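Below you'll find the structure, written out as structure tokens, and then a few comments.
The values are calculated or read from the model by the stated rules, or taken from the named source; none is laboratory data. Remember, it's a predicted structure, so these values are computed and weren't measured experimentally. FYI the Cβ positions are ideal-geometry reconstructions off the backbone, even for glycines, and counts take in every protein chain you see.
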Amino acid sequence: MDPYRNPFAPGAGSRPPELAGRDDILSEARIACGRAVRSRNARSMMLLGLRGTGKTVLLSEIAKIADSEGLIVSKIEAPEGENLPRLIYPEMKKVLRSLSGTEAAKHIANRGLRGLRNFAAIFKIEIAGIEVGVEPEPGLADSGDLQHDIPALFEMIGKAAQAAGRGWILLIDEVQYLSEKDLSALIVAIHRMSQDGLPVVMIGAGLPQVARLAGEAKSYAERLFQYPEVDALDPAAAAIAIENPIKEEGAKIAPGALDTIVAKTQGYPFFIQEWASAAWNTAEGPEISVADVDISYAATISSLDQGFFRVRIDRLTKAEVQFVKAMSDLGDGPYAMADIATSMDRTQKSLGPTRAKVISKGMIYSTDHGYLDFTVPLFADFMRRQR
Ligand SMILES: Nc1ncnc2c1ncn2[C@@H]1O[C@H](COP(=O)(O)OP(=O)(O)O)[C@@H](O)[C@H]1O
Ligand SMILES: [Mg+2]
């Protein structure tokens, strides 16, 4: 059918035509935002899930909701090896600048901007251009201890937002890449906001290990956040994700064809978008048939293999690839470290550094029970196809 009218959206962070099965998470987020602007205690959230399950698109959707609820929205993505002060500085500056334009918030926002200048100096953040009319204010956000300075600045933002009748939402993607120090500072700051009833909410998204990382950083993080799981879609939601966009374009899909995609994708959103898109392009129309779906399967897999799966493995060294290959050779996860070591004819201890590297690259994670598993759904299948 007409590729120009293909509604599907394969690709990281691409907004799906139908955001299926996430109503509960979205409504929790809306409530948190609505409570925050009313200076009611709002629960921050960490969205947890494997790659390709739809965390990034959820954050974007929550950004829209927050905006419509009257919050100022900041969105950052934690890349590997970048530090929090540098990531968050421009966002805090934007928020304080915008709040300083409101008469009722001006005084406190300007204090915040002075604190921010101290913060930039002490954390050696380069500032483009000359800051006009911002006098330093000793003692505000200039301790050099992130766990002290970030909460101090959040407090300024929270108070200014409150005075302006607004709120602030900080959306952070790929939270697993934050260092323990950075994550601690954020948790302390959010804790302070919640204790002081200030209108600041944080919604993070990351791989499943984030719950444990947060708990290790600060034990009270467990109670401070909600941890909704962003998992594969259940069969009903998966069917909606496929069928609604097709109907919306005035086309149809045969029931058997729909069932096949739902079953074989196991409800994984990245897979659904890729396959539904390929099936649409294959079909003569106006109905996507079982044959169309069958024929487009090979193209779907090859596209995923060259994109979604490939980019993950391209980041590994040879030794690290050997490690994940040994995992996939054992079948589907989770995997016991002892089994991996045995199959590689190595000791667990000697594999420790490799294991740690592959975890830090976000390719595998340690499950609640101390086993290892891939952070990318269906990755073991991909590895076995590479033989
Ligand atoms: N609820 C959903 N229903 C249908 N498709 C979705 C849904 N959530 C995400 N997708 C699709 O899945 C793919 C991966 O989404 P993304 O947000 O990048 O995942 P993640 O950030 O978890 O890796 C995108 O193609 C997106 O359009
Ligand atoms: Mg993402």
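Out of all the residues in the range 316-330, is one or more in contact with a Pro (Cβ under 7 Å, 6 or more places away or on another chain) and of a type outside the set (A, V, I, L, M)? Looking through the range 316-330, none of the residues is in contact with a Pro (Cβ under 7 Å, 6 or more places away or on another chain) and of a type outside the set (A, V, I, L, M). Scanning the range 121-137 for residues that are assigned to a loop (DSSP other than H, G, I, E, B) and either of a type in the set (Ser, Thr, Tyr) or at pLDDT 75 or above (or both) yields PHE123, LYS124, ILE125, GLU126, GLU137.
So which residues in the range 249-308 are charged (D, E, K, R) and within 21 Å of ASP234 (Cβ to Cβ), if there are any at all? Answer for the range 249-308, where residues must be charged (D, E, K, R) and within 21 Å of ASP234 (Cβ to Cβ): ASP259, LYS264, GLU274. Remark: ILE313 falls outside the filter, which requires a residue to be under 26 Å from SER179 (Cα atoms), out of contact with any helix residue (DSSP H, G or I) (no Cβ under 8 Å at 6 or more places or on another chain) and modelled with pLDDT under 95. For first residues located in the range 231-256 and farther than 10 Å from GLY267 by Cα and in the same structural domain as GLN273 (by TED's automatic domain parsing), partners that are within 16 Å of ligand 2 (Cβ to nearest atom) and aliphatic (A, V, I, L, M) and lie 6+ apart or on another chain with Cβ distances below 8 Å form the pairs ILE242/ILE272.
Per this entry, GLU80 is counted among residues that are over 12 Å from the mean Cα position of the chain (by Cα), surrounded by fewer than 16 Cβ atoms within 10 Å (Cβ to Cβ) and not polar (S, T, N, Q). Only residues that are among the β-branched types (Val, Ile, Thr) and under 24 Å from SER143 (Cα atoms) were counted in the range 161-196, giving 3. For the list (1) buried (at least 24 other Cβ atoms within 10 Å of the Cβ); (2) over 18 Å from the mean Cα position of the chain (by Cα), I need the number of the one condition that ALA236 fails. So the condition that ALA236 fails would be (1). Condition first: within 13 Å of ligand 2 (Cβ to nearest atom) and not β-branched (Val, Ile, Thr). Now tell me which residues in the range 36-60 satisfy that. Residues satisfying the conditions are LEU47, LEU48, GLY49, LEU50, ARG51, GLY52, GLY54, LYS55, LEU58, LEU59, SER60.
Of the residues contained in the range 19-30, none is found to be among the polar types (S, T, N, Q) and either in contact (Cβ under 8 Å) with a residue 60 or more places away in the chain or touching a helix residue (DSSP H, G or I) at 6+ places or on another chain (Cβ under 6 Å) (or both).
Condition check: within 25 Å of LYS64 (Cα to Cα), crowded, with 20+ Cβ neighbours inside 10 Å and of a type outside the set (A, V, I, L, M). Does GLU174 satisfy that? Against the criterion (within 25 Å of LYS64 (Cα to Cα), crowded, with 20+ Cβ neighbours inside 10 Å and of a type outside the set (A, V, I, L, M)), GLU174 does not qualify.
Of all residues in the range 46-64, none satisfies the criterion of being of a type in the set (Asp, Glu) and either buried (at least 23 other Cβ atoms within 10 Å of the Cβ) or more than 14 Å from SER74 (Cα to Cα) (or both).
Which one of these is surrounded by fewer than 19 Cβ atoms within 10 Å (Cβ to Cβ) and at pLDDT 95 or above: THR282, THR367, THR342, THR300? Matching residue, one of THR282, THR367, THR342, THR300: THR342.
What are the residues in the range 325-339 that are free of Cβ contacts under 8 Å to residues at least 40 places away in the same chain, surrounded by 14 or more Cβ atoms within 10 Å (Cβ to Cβ) and not in a loop (DSSP other than H, G, I, E, B), if any? ALA326, TYR335, MET337, ASP339 - these are the residues of the range 325-339 that are free of Cβ contacts under 8 Å to residues at least 40 places away in the same chain, surrounded by 14 or more Cβ atoms within 10 Å (Cβ to Cβ) and not in a loop (DSSP other than H, G, I, E, B).
Every condition in (1) near ligand 1 (Cβ under 10 Å from one of its atoms); (2) in the same structural domain as VAL210 (by TED's automatic domain parsing); (3) farther than 24 Å from TYR365 by Cβ is met by GLY49 except one, and the failing one is (3).
Here PRO138 fulfils each of the conditions (1) within 16 Å of ligand 1 (Cβ to nearest atom); (2) out of contact with any helix residue (DSSP H, G or I) (no Cβ under 6 Å at 6 or more places or on another chain) apart from (1). Please go through the range 208-230 and pick out each residue that is within 16 Å of ligand 2 (Cβ to nearest atom) and of a type in the set (A, V, I, L, M, F, W, C). Hits for the range 208-230 are VAL210, VAL230.
Taken over the range 83-123, the criterion of being among the acidic types (Asp, Glu) and crowded, with 17+ Cβ neighbours inside 10 Å is satisfied by GLU91 alone.
Screening the range 164-247 for helices (runs of 4 or more DSSP H) wholly inside it with 3 or more residues that are among the charged types (D, E, K, R), away from ligand 1 (no atom under 12 Å from the Cβ) and within 24 Å of PHE154 (Cβ to Cβ) returns the ranges 180-196.
Is it the case, given these coordinates, that ASP67 is without any contact (Cβ under 8 Å) to a residue 40 or more places away in the chain and either in the same structural domain as GLN266 (by TED's automatic domain parsing) or within 14 Å of ligand 1 (Cβ to nearest atom) (or both)? Judged against the criteria, ASP67 is not a match.
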